[in-house]
Amino acid sequence: MIEFNKKALIDSLTKSVQVNNPDNFVINARINYCDLKPIPFYNEFINKIKPSEKLNGFLTQKALEWRYESENRLGVQEQKVNYDPNTIKRIIIGEKMPKDFRETLLIIIKSVSPKVEIIEAYIDTEDFKIKTKILGS
């Protein structure tokens, strides 16, 4: 998981999307955590609705169980975007990540954004809760 400085990321993405068209913008939507009902015929539903307030509501909903995330979703028109690596606050990796992949990832992170905090999430075998420890910063 990558955690960003939200304001810095939005500023960086806005600069990126406006390079080719100054009218482009970044959508920043807070997630609405609620009791979700399954949507039968999902593909049919998606094909019938057009970009609208209803679609925005659909795309920004998440089940109550995920409320602790305090998530925002960002969106831009379909295009390649770049962002400043300094907008990354920390990266959380799992304890079961294969060693060779982890080593490669850590090398890449350090070369791109050497000041980013790297955290490992693991399951505590005493109380079976997810805990974290700092690997580097």
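Does the range 105-117 contain at least one residue that is surrounded by fewer than 11 Cβ atoms within 10 Å (Cβ to Cβ), within 25 Å of Ser12 (Cα to Cα) and among the acidic types (Asp, Glu)?
Scanning the range 105-117, I find no residue that is surrounded by fewer than 11 Cβ atoms within 10 Å (Cβ to Cβ), within 25 Å of Ser12 (Cα to Cα) and among the acidic types (Asp, Glu), so the answer is no.
Could you tell me which residue of the range 52-68 is nearest to Lys37 (Cα to Cα), considering only residues that are at pLDDT 80 or above and part of a helix (DSSP H, G or I)?
Leu64
Scan the range 85-94 and give yes if some residue there is surrounded by fewer than 13 Cβ atoms within 10 Å (Cβ to Cβ) and over 17 Å from Thr14 (Cβ atoms), otherwise no. Spell out how you get there, then give the answer.
Here is the first cut: in the range 85-94, the residues surrounded by fewer than 13 Cβ atoms within 10 Å (Cβ to Cβ) are 94.
Next, only the ones that are over 17 Å from Thr14 (Cβ atoms) stay: 94.
The answer is yes, given that some residue of the range 85-94 is surrounded by fewer than 13 Cβ atoms within 10 Å (Cβ to Cβ) and over 17 Å from Thr14 (Cβ atoms).
Looking at the range 1-22, I want the residues that are in a helix (DSSP H, G or I) and have a partner that is among the hydrophobic types (A, V, I, L, M, F, W, C) and surrounded by 15 or more Cβ atoms within 10 Å (Cβ to Cβ) with Cβ atoms under 6 Å, at least 6 apart or on another chain. Which pairs are those?
From the range 1-22, the pairs are Ile10/Val26; Leu13/Val26; Leu13/Val81; Thr14/Val26; Ser16/Val81; Val17/Val76; Val17/Val81.
If you go through the range 69-117, how many residues are hydroxyl-bearing (Ser, Thr, Tyr) and not in a helix (DSSP H, G or I)?
Initial filter on the range 69-117 (hydroxyl-bearing (Ser, Thr, Tyr)): 70, 83, 87, 104, 111, 113.
Now narrow it down to the ones that are not in a helix (DSSP H, G or I): 70, 83, 113.
The total comes to 3.
The values are calculated or read from the model by the stated rules, or taken from the named source; none is laboratory data. Note that the structure is predicted; figures quoted are calculated from it, not measured. FYI the Cβ positions are ideal-geometry reconstructions off the backbone, even for glycines, and counts take in every protein chain you see.
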